[in-house]
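Notes for the one structure printed next.
The values are calculated or read from the model by the stated rules, or taken from the named source; none is laboratory data. Note that the structure is a prediction, hence the values are computed from the model and not measured. Glycine gets a Cβ as well: all are built from the backbone with ideal geometry, and neighbour counts include every protein chain shown. Remember, those area values only see protein heavy atoms, side chains included, never the ligands or the DNA or RNA. Shrake-Rupley method; radii C 1.70, N 1.55, O 1.52, S 1.80 Å.
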Amino acid sequence: MWPARAAQFDAGNGTSSAITLSKRNATVSLSKQGALSGNLRVNLSWRMRTSDIEGRSRQSGRLRRPLKLFQPEVVQAHTQGVVNVDLDLGCMYELADGTKGVVQPLGNLIGDLNSPPYIRLSGDDRFGAPSGETVYVNLDQRDQFKRLLFFVYIYDRTPAFDRTHAKITLYPGNGPRIEIELDERAPQARSCAVFTVENVKGELIVRREVKFVYGFQSELDRLYGYGMQWGRGYKSRT
């Protein structure tokens, strides 16, 4: 965003080891991993893909015509087989002093790393780019956090979570990365509560949620009891 300030967003070392949170193993302690300083980097990545039906028909067609194997595929957008989806990453927060709010692309609520809420969104990825979307959390201010809820929602009108291969990866300043797959089938869902971070007597606990809902932020708010007021919002056209 601002080259002169880029260094403040450096966090995590992307080591080869990883912790995968699942239904059976749903929690991990950042404190016990030694990740209590620097910036926690939370990344959402996804990719759009064609439907399984289209994939099977294309493969069978190539088997019938072997020479097609050596011809590059023509990528066609805006067909029924292509998922056109814009996933957004957001974070609801409650600070130790009772302040509540949200950091998200919608409404340009990007937050701040060096002052409350000590959470900042790096930008809005609308096309499933490899870098995805990233939220940074300033763990040097960990005592200021009571609880965080990280969520993903579909901005456009295409409810297609099960066809986006969406994944959330946490990169602490120290220790292994933490991965959460949004791989459960919820064809009509428009939002998903992915994970929470709670300050439990000074210990930061990450808990996998992966709860899909058919509404948006207000429904997630009711589910987790943040008690904020919500209104309709829109993005500017690019």
- Message: I'm trying to understand the selection: among the residues of region 1-30, which are farther than 30 Å from ASN108 by Cα, surrounded by 10 or more Cβ atoms within 10 Å (Cβ to Cβ) and at pLDDT below 90?
- Response: THR15
- Task: With a cut-off of at least 1 residues that are more than 15 Å from the chain's Cα centre (by Cα), name the strands (runs of 3 or more DSSP E) lying wholly within region 145-196.
- Result: 145-154
- Item | Residues that are surrounded by 17 or more Cβ atoms within 10 Å (Cβ to Cβ), modelled with pLDDT of 90 or more and not acidic (Asp, Glu), drawn from region 212-223 | PHE212, VAL213, GLN217, LEU220
- Search result, residues across region 77-136 that are over 19 Å from PHE151 (Cβ atoms), of a type in the set (Ser, Thr, Tyr) and either surrounded by 13 or more Cβ atoms within 10 Å (Cβ to Cβ) or at pLDDT 95 or above (or both): SER115
- Task: For region 159-201, enumerate the residues that are open to solvent by 50 Å² or more (accessible area, probe 1.4 Å) and touching a residue at least 40 places away in the same chain (Cβ under 8 Å).
- Result: ARG163, HIS165, LYS167, ASN174, ARG177, GLU181, GLU198
- Can you name every residue in region 31-42 that is crowded, with 23+ Cβ neighbours inside 10 Å and under 18 Å from VAL200 (Cα atoms)? ALA35, LEU40
